[in-house]
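The values are calculated or read from the model by the stated rules, or taken from the named source; none is laboratory data. None of these values were measured; they are calculated from a predicted model. Note that we place each Cβ from the backbone using ideal geometry, even for glycine, and neighbour counts take in every protein chain shown. Just the protein is used for accessible areas: all its heavy atoms, side chains included, with ligands, DNA and RNA removed. Shrake-Rupley method; radii C 1.70, N 1.55, O 1.52, S 1.80 Å.
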Amino acid sequence: MTELRTLKVALLGCGNVGAQVARILTDDADALAARAGARLELTGIAVRTIDAPRDVELPRELFTTDADTLVKDADLVIELMGGIEPARSLILAAIENGACVVTGNKALLAQDGPTLYEAADKAGVQLSYEAAVAGAIPILRPIRDSLSGDRITRVLGIVNGTTNFILDQMDTTGAQFADALAEAQRLGYAEADPTADVGGLDAAAKATILASLSFHTRFDLENVHCEGITEVSAADIAAAKDAGFVIKLLAIAEKLTAADGSEGVSVRVHPTLLPREHPLAAVHGAFNAVFVEAENAGELMFYGQGAGGTPTASAVLGDLVSAARRIVLGGPAQTETTIGHVPALPIDAVNTSYYIGLDVADQPGVLAQIAHLFAEHGVSIEIMRQTIHRDADSNVESAELRIVTHRATEAALAATVQAVKGLDVINSVTSVLRVEGV
């Protein structure tokens, strides 16, 4: 039997995911060697504090605070530190030294991915990042490789487990946002500071990666329209449920034709109403799913655990084995698909539907005024529901209107909402949410 060569693996970071990667590299060394065609020797783990408590028991001699030296001697580098620096500098140093790199750092890829891709191309090494989007779900390689002979037209993704858990709790239990967030934190789905998740920033970083691969163009965070879920109320959830919808935070990237006939891509993250029969509506808890629409393949959905140490480690190890096999067998490295130059379109260019909640005076002619104003702006109403309320203190009646529009440009819809606010019969606009899947 031919003796397998040994490839040196450096691990940067030993948090929840990194610890599981180290455990699998140690426990499953023989199986990984058989798949990779080489023994994957974990030569060191770079950390800030060697004696910090960890969930996985690992040999103390593996730990070091000298990441620079560790990277210099490695054939393969796994970066799971997170953040921009020193992760960026260490990845570039690894690439310059001829090492293939596996990373799960979506924030870095969204902010400065092109620099890393170009460095890897120049050095002829592989830069892999399946773990950067949707945890264990294999989505980036299918988009890059399996669908490379097709034209993707749209991608919709639930790519943040924290927000999906919160919205699902609100939908299934009637919980308020603050209570659902507290439960997510108690269960470990949300950080003590959940801003990146509930503000949509985490999903926006992943949206840039999905859009870049799907449409063969480099997008960054500046191209993403981003709204979080902090303004979604229990009343919004209840009203959506009553109308047959569920609210999800979606990352959406789609090819559009602008008013002047030119093609572009819209990349956006925002709370979205989905019909309950849509496949993404059935994604519960902290799970993730990505729904892909392609010209020839049609509709595809990828579903699974989007976070967690062991699931995400699975994606990291898949990239590691792939990179190791490339080193063993030779051949060109691949970091991204052929680059095109499809422009990013602003949110105003999007064609979508709106759900609009209105608190209005209960008097004759109100519905006619609202319908007339919508028509003036070229927006057609698909669904309109009215509920009458009586204030217990003042004994004054008001009406709650729930309107779902047909598809129209974002600009026309926004202008319509602004005009509605100016009507004397409108007490308040209680909610404005986009609708997909209708």
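Points to keep in mind about this one:
- Candidate set from segment 32-51 (those that are open to solvent by 40 Å² or more (accessible area, probe 1.4 Å) and among the aliphatic types (A, V, I, L, M)); member that is farthest from Arg325 (Cα to Cα): Ile50
- Filtered by the rule that a residue be open to solvent by less than 50 Å² (accessible area, probe 1.4 Å), in contact with a helix residue (DSSP H, G or I) (Cβ under 7 Å, 6 or more places away or on another chain) and either β-branched (Val, Ile, Thr) or not in a helix (DSSP H, G or I) (or both), segment 199-225 gives Thr208, Ile209, Phe219, Val224.
- Considering Ala180, Ala184, the condition of being modelled with pLDDT under 95 and open to solvent by less than 20 Å² (accessible area, probe 1.4 Å) is satisfied by Ala184 alone.
Per-residue answers, yes or no, for (1) in a helix (DSSP H, G or I); (2) open to solvent by less than 40 Å² (accessible area, probe 1.4 Å); (3) of a type in the set (Val, Ile, Thr); (4) free of Cβ contacts under 8 Å to residues at least 12 places away in the same chain:
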residue	(1), (2), (3), (4)
Leu108	yes, yes, no, no
Val125	no, yes, yes, no
Asp145	yes, no, no, yes
Arg154	no, yes, no, no
Gly157	no, yes, no, no
Thr162	yes, yes, yes, no
Leu167	yes, yes, no, no
Asp171	yes, yes, no, no
Asp197	yes, yes, no, no
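- Residues of segment 36-59 include none that is under 26 Å from the mean Cα position of the chain (by Cα), farther than 24 Å from Gly306 by Cβ and in a loop (DSSP other than H, G, I, E, B).
- Scan of segment 283-294 for residues that are modelled with pLDDT of 95 or more and either under 16 Å from Glu436 (Cβ atoms) or buried (at least 23 other Cβ atoms within 10 Å of the Cβ) (or both), ordered by number: Val283, Asn288, Ala289, Val290, Phe291, Val292, Glu293
- Among the residues making up segment 83-92, those that are in contact (Cβ under 8 Å) with a residue 24 or more places away in the chain and at negative phi are Ile84, Ala87, Arg88, Leu90, Ile91, Leu92.
- Just one of the listed residues (Ile370, Ile388, Ile356, Ile403) is open to solvent by 30 Å² or more (accessible area, probe 1.4 Å) and either closer than 25 Å to Ala281 by Cα or more than 32 Å from the chain's Cα centre (by Cα) (or both), and it is Ile388.
- Test: residue in segment 295-309 that is at negative phi, part of a helix (DSSP H, G or I) and either open to solvent by less than 60 Å² (accessible area, probe 1.4 Å) or free of Cβ contacts under 8 Å to residues at least 24 places away in the same chain (or both): yes
- Taking (1) crowded, with 17+ Cβ neighbours inside 10 Å; (2) within 21 Å of the chain's Cα centre (by Cα) in turn, Pro279 satisfies each apart from (1).
- In segment 3-17, of all residues being within 16 Å of Ala315 (Cβ to Cβ) and modelled with pLDDT under 95, the one that is surrounded by the most Cβ atoms within 10 Å (Cβ to Cβ) corresponds to Val17.
- When the criteria are applied in full, Ala324 fails the requirement of being in contact (Cβ under 8 Å) with a residue 24 or more places away in the chain and open to solvent by 10 Å² or more (accessible area, probe 1.4 Å).
- Any chance Ala136 is at pLDDT 90 or above, of a type in the set (Gly, Ala, Ser) and within 20 Å of Gly18 (Cα to Cα): no
- Within segment 54-82, restricting attention to residues that are open to solvent by less than 40 Å² (accessible area, probe 1.4 Å) and free of Cβ contacts under 8 Å to residues at least 40 places away in the same chain, the residue that is nearest to Val9 (Cα to Cα) is Thr64.
- For Ile381: the one exception among (1) of a type in the set (A, V, I, L, M); (2) more than 20 Å from Pro275 (Cβ to Cβ); (3) without any contact (Cβ under 8 Å) to a residue 60 or more places away in the chain: (2)
- Pick from segment 243-276, criterion acidic (Asp, Glu) and either crowded, with 22+ Cβ neighbours inside 10 Å or outside any strand (DSSP E or B) (or both), ranking: nearest to the chain's Cα centre (by Cα): Glu254
- Test for Glu336: is it at pLDDT 95 or above and under 25 Å from Arg144 (Cβ atoms): no
- For Ala375: the one exception among (1) among the hydrophobic types (A, V, I, L, M, F, W, C); (2) surrounded by fewer than 18 Cβ atoms within 10 Å (Cβ to Cβ); (3) assigned to a strand (DSSP E or B): (3)
- Residues in segment 83-104 that are open to solvent by 30 Å² or more (accessible area, probe 1.4 Å) and either assigned to a strand (DSSP E or B) or farther than 20 Å from Glu130 by Cα (or both): Glu85, Pro86, Ser89, Ala93, Glu96, Asn97, Gly98.
- Flag for Ile237 being buried (at least 23 other Cβ atoms within 10 Å of the Cβ), within 24 Å of the chain's Cα centre (by Cα) and assigned to a strand (DSSP E or B): no
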